[in-house]
Amino acid sequence: MNYKDGLHSVQGVVRGIRHSLRAKHYSEQTVLDTTARAQLKISQIDSRTPISPSLIDSFHRRHDYLRISLTERCNLRCFYCMPNEGVELSPPQHLLTDSEVIRLATLFVKGGVTKIRLTGGEPTIRKGIIEIIGRLDELRVHGLKSIGMTTNGLILHRRLPEFVANGLTHINLSLDTMDPFKFEIMTRRRGHEAVLRSLEAALLSPDLVSVKLNVVVMKGLNDHEVVDFVEMTKGHNLSVRFIEFMPFTGNKWDKAKMVPSSELLANIANRYPDIARAPGKINDTARSWKIPGYRGSIGFISSMSDHFCASCNRLRLTADGQIKVCLFDAKEISLRDEMRGGASDTELLQLISSAVRGKKEKHAGMEDIDVVTNRPMTLIGGVISDKRKLPTLSSLRKKHMLPYFSLSSVTSSYHIHCRMNSSVASDPISPLTHIDVTGRPCMVDVGDKQPSKRIAAATGRIYIPKTAYDLVSPSNPNGSDSNISVGYESTMVKARSKGDVLTVAQLAAMMGCKRTADLIPLCHPLSLSHISVTLAVESHNRDGLLPQRHQVVDNVSYSIKCDATVSCEGKTGVEMEALTAVSVGLLTVWDMLKAVAGKEMMIGDICVTHKEGGKGDNFERQYKGNKSS
């Protein structure tokens, strides 16, 4: 190698070293710049929305989520939220005004709250809610990031565009069933179609950040609909959240009604084996899961079986101005009274700090939660004075002339539907299946049942005097009898002119059987596959089982027995059809013979003697009527 080549080689090495040094310096500088930018951003966020010590409890939980109840009123009466007898409302002057709501919200946001959710009662019925949302939206300059609302959806579809235009970003819609009849039982009101319209409107709203559907699951009532709700996430960017049934005053909470989230997940996983855990935030109330190929997700809020108290970041402000640090803790502190007493923001923060620091590490277990002093969910808050009651069952009956039924044994609509599905038919405190909790008649929901062969048989008797017996007895087809007085001749002729009593009654029984749904308002119309009706004339020896005052001649009594057997392939039994056939048949006999024995005849002993098919127990009744001699 000559000198020139050697020089070029050395120069190349030097250039390489210099390039390497420059790259190292540049890389170090980039790291320094990136770190500085991150630190600057963090400091900006901290300076903008620092968490005030007032919102940090003794277990170092930072509370940046505030739920504000705007009203105690609701246009539904969901039994798990509101007691059967209704609730007592605070006088209007005890509720927070719009300005008071905004003042407290501002105080919390400046203290570090980044998320506000409007609740109730039903928040959409609060007067001035549009203005409240708009004024909350102005708090974004202080660090507020989202404004949500939890609603039952009855009127949301009409007002949603206004809500979104004023700053609403998140919607949680409550819907516990896809069955409109069951919806009316659970909510004690109509409106299923309106809720579905609201859900559709929310899903089509491009400015909403998220749409969630809250489903309270109860065993034997709607747990079989879980898969239907899961399927809603297939084509929609929707989060369906299954919530465990929780205890509150008056909702007759029972551990046996609660379906643990783990059980729901296991059932769903059997149907969707590819379901996988979805990423979530540390403070999320719901543990989220996602099915591959589905746009939305599902979640489980397991407040009872597996609570998430360690990461709780929520505080609640009730409509009457109480701060509530835990949904299941009855203790509250009135911010309203302090505000109206002239407290400054500093003094209010001290009060908030006192409440937050009194928050327990976790709420009691499901067996020990306070449901005596803790208010119903719809009124979640503290002691109310000068209360006014929502309409009770008694007042509804007086005002609307509803039929009176004793509902003292009614624990909740939960029992009603369980009786419908025969899952707890032996429950001694279940009410009548065709009566809802307001005392109104309702039709049994058989939509979820599978068709099966159903058979029922019924029987009954009409007790008749000797003169009528002589008219219809096969041994005396012409009705001639030497003992019949001349005065009866014309009535006997009139009775015979109507035709063969037993044949006419048999045909009437079959026709009546097919018209059962028209005659009995709450019966389901069924396609009957077979009807068999027989009528037989009987004579009885006196044995003490005959109706009182029944005519007995020579220690013998007479009757006509009607038997009916009905079958179908359907979702509900045919006991009513069999009973209708017997009843109409016997009434027809009475009509045919009234000219001869209208005052003496008596109908009785009507009952179902045989039933088979469906999920209920089959049975055979030993009929105790009089045997023919």
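Tabulated results
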quantity	calculated
Any hit, region 583-594, residues being within 46 Å of the chain's Cα centre (by Cα) and farther than 23 Å from LYS466 by Cβ	yes
Where LEU522 falls short, out of the listed (1) surrounded by fewer than 20 Cβ atoms within 10 Å (Cβ to Cβ); (2) modelled with pLDDT of 90 or more; (3) among the aliphatic types (A, V, I, L, M)	(2)
Enumeration of residues in region 339-352 that are in a helix (DSSP H, G or I) and either of a type in the set (A, V, I, L, M, F, W, C) or within 14 Å of LEU317 (Cα to Cα) (or both)	MET339, LEU348, LEU349, LEU351, ILE352
Residue within region 311-334 that is within 29 Å of THR233 (Cα to Cα) and part of a helix (DSSP H, G or I) present	yes
All positions within region 583-615 that are in a helix (DSSP H, G or I) and hydroxyl-bearing (Ser, Thr, Tyr)	SER583, THR588
Selection status of GLU347, over 25 Å from the mean Cα position of the chain (by Cα), modelled with pLDDT under 90 and of a type outside the set (Gly, Ala, Ser)	no
Which listed residue, of SER297, SER344, SER302, SER311, is polar (S, T, N, Q) and in contact with a helix residue (DSSP H, G or I) (Cβ under 7 Å, 6 or more places away or on another chain)	SER302
Any hit, region 280-298, residues being in contact with a Gly (Cβ under 9 Å, 6 or more places away or on another chain), of a type outside the set (Lys, Arg), modelled with pLDDT under 95 and farther than 30 Å from ASN237 by Cα	no
Sole residue being in the same structural domain as ASP137 (by TED's automatic domain parsing) and under 12 Å from LEU156 (Cα atoms), chosen from GLU200, GLU184	GLU200
Among (1) at negative phi; (2) modelled with pLDDT of 95 or more; (3) in the same structural domain as PRO161 (by TED's automatic domain parsing); (4) touching a strand residue (DSSP E or B) at 6+ places or on another chain (Cβ under 8 Å) - the single one LEU55 does not satisfy	(3)
Search result, residues across region 90-105 that are of a type in the set (S, T, N, Q) and exposed (fewer than 15 other Cβ atoms within 10 Å of the Cβ)	GLN93, SER99
Positions within region 54-68 being part of a loop (DSSP other than H, G, I, E, B) and among the basic types (Lys, Arg), in sequence order	ARG61
Any chance PHE108 is in a loop (DSSP other than H, G, I, E, B), assigned by TED's automatic domain parsing to the domain that holds GLU193 and crowded, with 18+ Cβ neighbours inside 10 Å	no
Hits in region 566-582 - residues which are surrounded by fewer than 22 Cβ atoms within 10 Å (Cβ to Cβ) and either of a type in the set (Ser, Thr, Tyr) or assigned to a loop (DSSP other than H, G, I, E, B) (or both)	SER567, LYS571, THR572
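Yes/no matrix, rows are residues, columns are (1) outside the structural domain of THR187 (by TED's automatic domain parsing); (2) closer than 29 Å to VAL216 by Cα; (3) in contact with a Cys (Cβ under 9 Å, 6 or more places away or on another chain):
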site: GLY120; (1), (2), (3): no, yes, yes
site: LEU139; (1), (2), (3): no, no, no
site: GLY153; (1), (2), (3): no, yes, no
site: HIS157; (1), (2), (3): no, yes, no
site: SER174; (1), (2), (3): no, yes, yes
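The values are calculated or read from the model by the stated rules, or taken from the named source; none is laboratory data. Model, not experiment: these values are computed from the prediction. FYI the Cβ positions are ideal-geometry reconstructions off the backbone, even for glycines, and counts take in every protein chain you see.
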